[in-house]
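The values are calculated or read from the model by the stated rules, or taken from the named source; none is laboratory data. In this text the structure is predicted, and so the values were computed from the model without any measurement. Cβ sites come from the backbone with ideal geometry, for glycine too, and all protein chains shown count toward neighbours.
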Amino acid sequence: MEYVNPEGLRLDGRRFNEMRQIVAEVGVVSRADGSAVFEMGNTKVIAAVYGPREIQNKSQQKNGHALVMCEYSMAHFSTGDRRRQKNDRRSTELSLVIRQTMEACILTEVLPHSQIDIFLQVLQADGGTRSACINAATLALADAGIPMRDLAVSCSAGYLNSTPLLDLNYVEDSAGGADVTVGILPKLDKVTLLQMDAKLPMETFETVFALASEGCKAIAERVREVLQENTKQLEYRRAA
Amino acid sequence: MEGRLANMWRLTVNESKFVETALQSELRVDGRGLYDYRKLTIKFGKEYGSSEVQLGHTHVMGFVTAQLVQPYKDRPNEGSLSIFTEFSPMADPSFEPGRPGESAVELGRIIDRGLRESRAVDTESLCVLAGKKVWSVRIDLHILDNGGNLVDAANIAALAALMTFRRPDCTVGGESNQEVIIHSLEEREPVPLIIHHLPIAFTFGFFNKGNIVVMDPTYIEEEVMCGRMTVTVNANGDICAIQKPGEEGVNQSVILHCLRLASSRAAATTKIIREEVEAYNREKSLQKVKRHPTLAKPEVSGPIVVVKEGHKMSEDEAIAAEISREYVERLNLSSVELKSSKEQEAVAASPGNFKGGPSNWDPYTEAMDVDSLKASLASRGVSVTKSTIKKKANDSGNVQKEVTGDLEMKDTAETTKHKSGEMTLKDAVKPKKKRKNKSS
Amino acid sequence: MSSKVSVSPTSLIDQIVVPGDVVLDLSNMTNQTIKLGSGLRQDSDAISAMRAGKFSYSKPNKYWVESSHKRYIPRTEDHVLGIVVDYKADNFWVDIKGPQIALLPGLAFEGATRRSIPKFEACTLLYLRVVKTNIGMNPELSGTDASGKASVFGPLKDGFMFETSTGLSRMLLSSPTCPVLEALGKKLSFEIATGLNGRVWVNAAAPRSVIIVANAIMNSETLSATQQRIMVEKLLAKISD
């Protein structure tokens, strides 16, 4: 199948290095301490953060660090065919991966003896859910005012028809090509998350990896804007 | 709570500090260099598709099985490959029995991604009947001892098990031409899996805010390190999977450095695995050849056991006797010589014998005769006693031998029932002597 | 645990015994007082082994089973290496690889008063002395010697701790100095603290020396005296390259 036509356009009309439209909003769940919705094209994720609060299960307490918990789930209606309800291995792994990515950007050492819960729900899945989850979680954590060393952002890139492609949608993702998800701390310029599958020669991987990192930086800009906008709004309200 | 605290394995402040300071001068606690791998040993089990991998103190067992199932709807002509992990509580005090924990799931997923998404195993060749029957290959990985770096060890165990796995051959046939006939291992040589390339996992540990990289971390280092990355590469320099699950951020250059290290290492590890597998295959094929001379041995004990069972049977004995009589008569038809080579004949008649079937297969055919003999013994007690006496005269030596001789004699006695009793005895003694010579 | 007996000790001495073996028969040992050490049990007139190991005897009347384990059964006056787990109700909870968590009163240090209880964070390594081992109670530790002086006890700073077996740590403490330490000591200078609970702490100026010493000791578990010396030489040669 042809995923990139001779004019260099993808199935949904994007160029190889073009991202889908990003819509993000913070403070969408009233009861949560922090929350955000993050949309990337047709992928839509909602994140809610509770904490820092008292540790519920004392035995999980870590010395001198806050305990970060993360729960990732996919709504039944998020994909075309209804998913079987089960606590599958993919969700378990994603919860772990997202939790550890967020731990890298939260200053856990300034909040010992406390717990931060991150809940993530995929409302619509159209590829790149784990990136969207990380971006949503970052916004929600910032909204909750949890001390962070940087904004962790994530973006994916793939390789199809010998072209590196930024931000794969579901059709492109399930085409069987490589899929590289990168999570970075943009200001520190460090890579925290890196997941990749399918076979790629070393050199190709480097270009795909670089493309995904560029994508991350673009997303970081967008996330910043959203947060700045939100903070400004709060200022206005206080002033009024 | 107190119990949990007491039984938790913990690293002292001294240890964690020392590990880090030593690493700063490029030293590791077990005396290795930063990029040295621990000693890798691969062993194989008796059965197809079982492996045992030891990487330093880490010990993982892999086991591959296959089953015919209905294919997934979206992939009607592809078999499937699934990976299951078992973190036994015996391997590490922190492993808990019951449902697989986060780390067990992650380990399974890393190996799964490396093997499946890179199409290391040809799943299309696992299809028997498109849309109806495909082979579903299951890899079970059991962690027996956790000395650190479970992922690499488990990955090698999975590869070694896959490479030595043989699935039973099967053909499509039957009336509607839609039935799948599975041929047992004795009937047909089992078929190996088609493996295109070997994706090998290499785990790196990051220390000191991602500035120090270490290969193949031990359990002590795993406790101290601030980040981890597993890179799965093959010997052709392709990257099959990467997993860096969050944690401390590292520079891009460090990641690329790790990738290069891994791909430079892949060829060596591939070679080790291939050599071990070849050695195992060679041994396995040698075993098949060796089977001939050892055949006589199980026979000695085999019939004795069956005789006991034979006693219990009464009604069926007669029928069995008839069958066996026919069988032996056929062999006896031409000449006495033929009779003496009966043993070989019987073996030849059952080709399965040479194909790695259970060793008691052969005694079974023999046993049939023995049972029937028994029946005949019961009816003609006199002749039997006679024969025993004669035999004893011939050689009053080894008791065990005598018993077998006895049985054989009965055997032949049965066959020549219609002829004279004297003949039987002579014949009976002959093959026995022959056999004795053979075994000595 | 003593009884009157006679007759010279049995020929089982220095033999390997397994649990359940009757090592001494008291009925033909009258007029004799014997002392039973670890791994032995009295069942009316028979003394039988509880653990596998070497049945040992020392004059005049001590019997015990020499064995090596990864776990430690606390005995009073043993010196052990403990890891602080928690601090509760004026007691440090210390893990000494025993069947129970051991308690270390905050006041069991030289010069400690209610106001100046030393502060140890979790996972601190301490060199301690077992004071009480009453059945049904958690064993009690102390950070001082019998006369209340700190002497060698207290927290261990830096260095590296590793876990071995009780047998090996007893070997390290035996006199004359065991061959592995002797051979190492000729070439390297290092500090070592051995707990009878199978924990060993090593410190030296250079991390390299610590690693050599630690690995040499861990390797020496199953080696004879000569083998130990050769092993140490090889290890030192390898590192010096």
Give the stretch B:93-122 a look and list any residue that's more than 12 Å from chain A (Cβ to nearest Cβ) and either aromatic (Phe, Trp, Tyr) or touching a Leu at 6+ places or on another chain (Cβ under 9 Å) (or both), or say none. B:95, B:121, B:122
Condition met for residue C:112 (among the small types (Gly, Ala, Ser) and under 17 Å from residue C:154 (Cα atoms)): yes
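Scan the stretch A:191-209 residue by residue and report those that are within 7 Å of another protein chain (Cβ to nearest Cβ) and without any contact (Cβ under 8 Å) to a residue 12 or more places away in the chain.
Filtering the stretch A:191-209 down to residues within 7 Å of another protein chain (Cβ to nearest Cβ) leaves A:191-202, A:205-206.
Of everything in the stretch A:191-209, those that are within 7 Å of another protein chain (Cβ to nearest Cβ) and without any contact (Cβ under 8 Å) to a residue 12 or more places away in the chain turn out to be A:201, A:202, A:206.
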Within the stretch A:177-189, take every residue that is at the interface with another protein chain (Cβ under 8 Å from one of its Cβ atoms) and over 15 Å from the mean Cα position of the chain (by Cα) and give me the one that is nearest to residue A:154 (Cα to Cα). A:189
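I'd like to check which strands (runs of 3 or more DSSP E) are fully inside the stretch A:1-60 and have at least 1 residues that are under 17 Å from residue A:120 (Cβ atoms) and modelled with pLDDT under 90. Reasoning before the result, please.
Details: elements: A:22-26, A:34-40, A:43-53.
Result: A:43-53.
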Return only the number of the condition from (1) surrounded by fewer than 20 Cβ atoms within 10 Å (Cβ to Cβ); (2) of a type in the set (Gly, Ala, Ser); (3) within 14 Å of chain B (Cβ to nearest Cβ); (4) touching a strand residue (DSSP E or B) at 6+ places or on another chain (Cβ under 9 Å) that residue C:167 does not satisfy. (3)
The one condition residue A:157 fails out of (1) touching a helix residue (DSSP H, G or I) at 6+ places or on another chain (Cβ under 8 Å); (2) hydrophobic (A, V, I, L, M, F, W, C); (3) in a strand (DSSP E or B); (4) closer than 11 Å to residue A:46 by Cα is (4)
Exclusive hit being closer than 30 Å to residue C:121 by Cβ and surrounded by fewer than 21 Cβ atoms within 10 Å (Cβ to Cβ), set A:81, A:117, A:88: A:117
Pick from the stretch B:52-87, criterion over 19 Å from residue B:193 (Cβ atoms) and hydroxyl-bearing (Ser, Thr, Tyr), ranking: farthest from the chain's Cα centre (by Cα): B:58
Condition check: within 14 Å of another protein chain (Cβ to nearest Cβ), under 22 Å from residue A:183 (Cβ atoms), of a type in the set (A, V, I, L, M) and touching a strand residue (DSSP E or B) at 6+ places or on another chain (Cβ under 7 Å). Does residue A:106 satisfy that? yes
Do we have residue B:53 as modelled with pLDDT of 90 or more, in a strand (DSSP E or B), within 24 Å of residue B:261 (Cα to Cα) and more than 14 Å from chain C (Cβ to nearest Cβ) here? yes
Which numbered condition trips up residue C:185, out of (1) closer than 27 Å to residue C:123 by Cβ; (2) part of a helix (DSSP H, G or I)? (1)
Name the residues in the stretch A:210-223 that are within 12 Å of chain B (Cβ to nearest Cβ), touching a Leu at 6+ places or on another chain (Cβ under 9 Å) and surrounded by fewer than 24 Cβ atoms within 10 Å (Cβ to Cβ), would you? A:214
Would you check which residues across the stretch B:233-277 are facing another protein chain (nearest Cβ under 7 Å), in contact (Cβ under 8 Å) with a residue 24 or more places away in the chain, in a helix (DSSP H, G or I) and closer than 21 Å to residue A:149 by Cβ and list them? B:255
Given (1) at pLDDT 90 or above; (2) in contact with a Gly (Cβ under 7 Å, 6 or more places away or on another chain); (3) aliphatic (A, V, I, L, M); (4) assigned to a strand (DSSP E or B), identify the lone condition not met by residue B:161. (4)
Mind telling me which of the residues C:193, C:214 ends up being in contact with a strand residue (DSSP E or B) (Cβ under 6 Å, 6 or more places away or on another chain), buried (at least 18 other Cβ atoms within 10 Å of the Cβ) and in a helix (DSSP H, G or I)? C:214
Can you find even one residue in the stretch A:58-76 that is within 14 Å of chain B (Cβ to nearest Cβ), within 14 Å of the chain's Cα centre (by Cα) and of a type in the set (Ser, Thr, Tyr)? yes
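Return yes or no: is residue C:206 within 30 Å of residue C:236 (Cα to Cα), within 12 Å of another protein chain (Cβ to nearest Cβ) and of a type in the set (A, V, I, L, M, F, W, C)?
yes
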Any chance the stretch A:227-240 includes a residue that's outside any strand (DSSP E or B) and either at the interface with chain B (Cβ under 9 Å from one of its Cβ atoms) or buried (at least 24 other Cβ atoms within 10 Å of the Cβ) (or both)? no
Looking at this structure, is residue C:92 farther than 30 Å from residue C:116 by Cα, at pLDDT 85 or above, buried (at least 21 other Cβ atoms within 10 Å of the Cβ) and not basic (Lys, Arg)? no
Residue satisfying all of: in the stretch B:93-117; out of contact with any helix residue (DSSP H, G or I) (no Cβ under 6 Å at 6 or more places or on another chain), crowded, with 18+ Cβ neighbours inside 10 Å and among the charged types (D, E, K, R); farthest from residue A:195 (Cα to Cα) among these: B:116
How many residues does the stretch C:106-156 contain that are more than 14 Å from chain B (Cβ to nearest Cβ) and either modelled with pLDDT under 85 or assigned to a loop (DSSP other than H, G, I, E, B) (or both)? 28
Of those in the stretch C:89-105 that are part of a loop (DSSP other than H, G, I, E, B) and at negative phi, the residue nearest to the other protein chains (Cβ to nearest Cβ) is C:101
Conditions (1) outside any helix (DSSP H, G or I); (2) crowded, with 23+ Cβ neighbours inside 10 Å: number failed by residue B:171: (2)
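Do you know which residues across the stretch B:25-49 are within 24 Å of residue B:286 (Cβ to Cβ) and either in a strand (DSSP E or B) or among the polar types (S, T, N, Q) (or both)?
Within the stretch B:25-49, the first condition is being within 24 Å of residue B:286 (Cβ to Cβ), and the residues that meet it are B:41-49.
Residues satisfying the conditions are B:41, B:42, B:43, B:44.
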Select from the stretch C:37-83 the residues that are of a type in the set (Val, Ile, Thr) and under 18 Å from the mean Cα position of the chain (by Cα) and list them in ascending order. C:65, C:73, C:76, C:80, C:83
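Which of the following residues is touching a residue at least 24 places away in the same chain (Cβ under 8 Å), of a type in the set (Val, Ile, Thr) and under 24 Å from residue A:181 (Cβ atoms): B:83, B:143, B:156, B:139?
Working: B:143 fails: under 24 Å from residue A:181 (Cβ atoms); B:156 fails: under 24 Å from residue A:181 (Cβ atoms); B:139 fails: under 24 Å from residue A:181 (Cβ atoms).
After applying the criteria, what remains is B:83.
Test of understanding: among A:162, A:154, which residue is among the small types (Gly, Ala, Ser) and surrounded by fewer than 21 Cβ atoms within 10 Å (Cβ to Cβ)? Break it down into steps so the answer makes sense when it comes.
Working: A:154 fails: surrounded by fewer than 21 Cβ atoms within 10 Å (Cβ to Cβ).
Criteria check complete, one pass: A:162.
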